[in-house]
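The values are calculated or read from the model by the stated rules, or taken from the named source; none is laboratory data. Computed from a prediction, not measured in an experiment: that's the story for all the values here. Here the Cβ is made from the backbone with ideal geometry for all residues, glycine too, and neighbour counts use every protein chain on show. Heavy atoms of the whole protein, side chains included, go into the accessibility calculation; ligands, DNA and RNA do not. Shrake-Rupley method; radii C 1.70, N 1.55, O 1.52, S 1.80 Å.
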Amino acid sequence: MPTTKNTLPDPLPSGRAALAAAEPPVALGPLDGRYQPVVAPLVDHLSEAALNRNRVHVEVEWFIHLAERSVLPGLAPLTGEQAAGLRRIVTDFDTDSVAELAEIEAVTVHDVKAVEYFIGRRLPGLGLEHLVPLVHFGCTSEDINNLAWALGVKDATTDVWLPEARALVAEVAALAGAAAGTPMLSRTHGQPATPTTLGKEMAVVAHRLGRQLARIERTEYLGKINGATGTYAAHYAAVPQADWTEVSRGFVEGLGLDWNPLTTQIESHDWQAELYADMARFNRILHNFCTDVWSYISIGYFQQVPVEGATGSSTMPHKVNPIRFENAEANLELSDALLDVLGATLVTSRWQRDLTDSSSQRNIGVAFGHSLLAVSNVRKGLSRLDVAEDVLAADLDANWEVLAEAIQMVMRAEAVAGVEGMDNPYERLKELTRGHRVDAARLQEFVAGLGLSAEAERRLSGLTPATYTGIAEDLVRYL
């Protein structure tokens, strides 16, 4: 019997073409589309346009640096207006500049050479046409690139990522302070355990995150400008009387970076790997925090404040989902995947240079973007949480067996002090509580029959799961 092949028509043949050709272009990735407002501040530091602006900045400052120090014979210092005009090439860098650079690069098929020509075009207008050969003097592309990337990464870290991360840590610390004395049942291995306070647990997270921020704040942003293989060969061939290492050091440090004296053609990028490892560790601690908060929400320790007009579920009207923390988890994982790859890739280079670092570094902004988005979501999620103290209290009151630890430890201390009848304290409490629910009355009856000293019995008789928190509240002050 013949069969008929059913083929579904393409419902959007023209629509697909329209999206691919849309103006302005439709974003392929979520950071440039759905989440663009959150990560927009990074564009000024880690986008391709920002990289080109920073390349122009480095080339211009190198030109000025050589001229102001008359490093080359016959090179006179610039006038104030000439120096200001050169710097305006950077400050006036805009979308038209980006387009012009793209046109030049289409011919040169080399991004840094395009920057050199871009600057050279502007020198006649400043009366500097005779100094066109000074642009990119003694430089290999990586002399410009490594400094441009270092400036972009430094500014993105210190001006964008760190302020948001610090604000998050401050908010977790504020929650720790507010809930410092709020008793909470611990759940080691997921099972009821010695009580703590909600604030102390939040303080642990704030402390861990803060340590990583301190490491990131100490980052060295290294840079070099020393020629094709790091030997200053062309520099000394052209101008042998100059102290090129000091010229190089002064220039790099003048940009606000740390000078690296020993490199191949590339700056070795070890500092980047160190920074990305610290950021990835911050992300992982934050990821752990997200999963814990999600779990606390699921058992009712936190209540989520509904957002007016928001939908929790498309079919279940009652739901308020912890989407901020779930979104953060995913973005932290994406960020760490990239940060880990960057850290592993950037510290390796075949012999004196290969191009794997060039392609890899173009994803730095993506790695930062996913982390920044996650931090933003966690902050939003925290702002919509209320502590459900009644749920915390009820959970503690349902788990009196957690006092077994306290009772057997008091028995041990009593035995050391010479009180009779304190044998096998752990085993006796294990028999009483393991696998059994024990209420206040049963525990107090057990304590009363132990033969403890009066003072020890008084302490244990007044102990409850809610008061068995040690000095948890006081520990929050170490933040």
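So Leu126 clears everything in (1) over 28 Å from the mean Cα position of the chain (by Cα); (2) open to solvent by 60 Å² or more (accessible area, probe 1.4 Å); (3) touching a residue at least 40 places away in the same chain (Cβ under 8 Å) except one condition, right? Which one?
(2) is the only condition that Leu126 fails.
Across segment 243-267, which residue is least open to solvent (accessible area, probe 1.4 Å) among those that are out of contact with any Leu (no Cβ under 8 Å at 6 or more places or on another chain) and outside any helix (DSSP H, G or I)? Steps first, answer last, please.
Going residue by residue through segment 243-267, those that are out of contact with any Leu (no Cβ under 8 Å at 6 or more places or on another chain) are 243-246, 248-251, 253-254, 261-266.
Okay, now just the ones that are also outside any helix (DSSP H, G or I), so 243, 261-266.
On the way: Asp243: 82, Pro261: 68, Leu262: 144, Thr263: 22, Thr264: 42, Gln265: 45, Ile266: 6 Å².
Step by step, filter segment 243-267, then rank; the result is Ile266.
Inspect all residues belonging to segment 436-452 and state whether any of them is assigned to a loop (DSSP other than H, G, I, E, B) and in contact with a Phe, Trp or Tyr (Cβ under 6 Å, 6 or more places away or on another chain).
The answer is yes, given that some residue of segment 436-452 is assigned to a loop (DSSP other than H, G, I, E, B) and in contact with a Phe, Trp or Tyr (Cβ under 6 Å, 6 or more places away or on another chain).
Scanning segment 446-479 for residues that are out of contact with any helix residue (DSSP H, G or I) (no Cβ under 8 Å at 6 or more places or on another chain) and closer than 20 Å to Glu420 by Cβ, which turns out least open to solvent (accessible area, probe 1.4 Å)?
Per the stated criteria, the residue is Gly451.
Among the residues that make up segment 194-201, is at least one of them buried (at least 22 other Cβ atoms within 10 Å of the Cβ), modelled with pLDDT of 95 or more and out of contact with any strand residue (DSSP E or B) (no Cβ under 8 Å at 6 or more places or on another chain)?
Yes, because at least one residue in segment 194-201 is buried (at least 22 other Cβ atoms within 10 Å of the Cβ), modelled with pLDDT of 95 or more and out of contact with any strand residue (DSSP E or B) (no Cβ under 8 Å at 6 or more places or on another chain).
To keep it simple, each residue is scored yes or no on (1) free of Cβ contacts under 8 Å to residues at least 40 places away in the same chain; (2) of a type in the set (Val, Ile, Thr).
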residue	(1), (2)
Lys200	no, no
Glu217	no, no
Glu220	no, no
Ile225	no, yes
Thr231	yes, yes
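Can you report the number of residues in segment 417-432 which are surrounded by fewer than 17 Cβ atoms within 10 Å (Cβ to Cβ) and under 17 Å from Thr194 (Cα atoms)?
Residues meeting the conditions: 3.
If Ser359 satisfies every condition in (1) assigned to a helix (DSSP H, G or I); (2) surrounded by fewer than 17 Cβ atoms within 10 Å (Cβ to Cβ); (3) in contact (Cβ under 8 Å) with a residue 12 or more places away in the chain but one, which is the exception?
(3)
Yes/no per residue for (1) among the acidic types (Asp, Glu); (2) open to solvent by 70 Å² or more (accessible area, probe 1.4 Å):
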position: Asp395; (1), (2): yes, no
position: Ala398; (1), (2): no, no
position: Glu401; (1), (2): yes, no
position: Gln408; (1), (2): no, no
position: Ala415; (1), (2): no, no
position: Arg434; (1), (2): no, yes
position: Arg437; (1), (2): no, yes
position: Arg442; (1), (2): no, yes
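Residues checked against (1) of a type in the set (A, V, I, L, M, F, W, C); (2) open to solvent by 60 Å² or more (accessible area, probe 1.4 Å); (3) over 15 Å from the mean Cα position of the chain (by Cα); (4) at pLDDT 95 or above:
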| position | (1), (2), (3), (4) |
| --- | --- |
| His287 | no, no, no, yes |
| Ser295 | no, no, yes, yes |
| Gly309 | no, yes, yes, no |
| Gly312 | no, no, yes, no |
| Val320 | yes, yes, yes, no |
| Glu326 | no, yes, yes, yes |
| Leu332 | yes, no, no, yes |
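What number goes with the only condition from (1) touching a Leu at 6+ places or on another chain (Cβ under 7 Å); (2) farther than 29 Å from Asn226 by Cα that Gly152 does not pass?
(2)
Inside segment 32-59, can you point out the residues that are open to solvent by 50 Å² or more (accessible area, probe 1.4 Å), assigned to a loop (DSSP other than H, G, I, E, B) and without any contact (Cβ under 8 Å) to a residue 12 or more places away in the chain?
Arg34
I need every pair where a residue in segment 441-462 that is farther than 20 Å from Glu427 by Cα has its Cβ under 7 Å from the Cβ of a residue that is assigned to a helix (DSSP H, G or I) and open to solvent by 70 Å² or more (accessible area, probe 1.4 Å), sequence separation at least 6 or different chains.
Close Cβ pairs satisfying both conditions: Ser461/Gln444.
Restricting attention to segment 421-479, which residues are among the polar types (S, T, N, Q) and under 24 Å from Pro183 (Cβ atoms)? Break it down stepwise before answering.
First pass over segment 421-479, keeping only residues among the polar types (S, T, N, Q): 424, 433, 444, 453, 461, 464, 467, 469.
Once the filter is applied, which keeps residues that are among the polar types (S, T, N, Q) and under 24 Å from Pro183 (Cβ atoms), segment 421-479 yields Thr433, Gln444, Ser461, Thr464, Thr467, Thr469.
Could you say which residue among Ala165, Ala180, Ala148 is surrounded by fewer than 22 Cβ atoms within 10 Å (Cβ to Cβ) and at pLDDT 95 or above? Explain how you work it out, then say what you get.
On the way: Ala165 fails: surrounded by fewer than 22 Cβ atoms within 10 Å (Cβ to Cβ); Ala148 fails: surrounded by fewer than 22 Cβ atoms within 10 Å (Cβ to Cβ).
Just a single option satisfies the conditions, and that option is Ala180.
Name the residues in segment 225-242 that are under 21 Å from Val60 (Cβ atoms) and open to solvent by less than 20 Å² (accessible area, probe 1.4 Å), would you?
We begin by selecting, within segment 225-242, every residue under 21 Å from Val60 (Cβ atoms); these are 225-227, 234-235, 238-239, 242.
Answer for segment 225-242, where residues must be under 21 Å from Val60 (Cβ atoms) and open to solvent by less than 20 Å² (accessible area, probe 1.4 Å): Ile225, Asn226, Gly227, His235, Val239, Ala242.
Quick check: is even one residue across segment 300-309 in contact (Cβ under 8 Å) with a residue 24 or more places away in the chain and small (Gly, Ala, Ser)?
Yes, there is a match, as at least one residue in segment 300-309 is in contact (Cβ under 8 Å) with a residue 24 or more places away in the chain and small (Gly, Ala, Ser).
Is there any pair linking a residue in segment 423-440 that is more than 20 Å from Gly451 (Cβ to Cβ) to one that is of a type in the set (A, V, I, L, M, F, W, C) and assigned to a helix (DSSP H, G or I), with Cβ under 6 Å and at least six apart or on different chains, and which?
If the second residue must be of a type in the set (A, V, I, L, M, F, W, C) and assigned to a helix (DSSP H, G or I), the pairs left are Asp439/Trp400; Ala440/Trp400.
Give the number of residues within segment 375-421 that are in contact with a Phe, Trp or Tyr (Cβ under 7 Å, 6 or more places away or on another chain) and of a type in the set (Gly, Ala, Ser).
3
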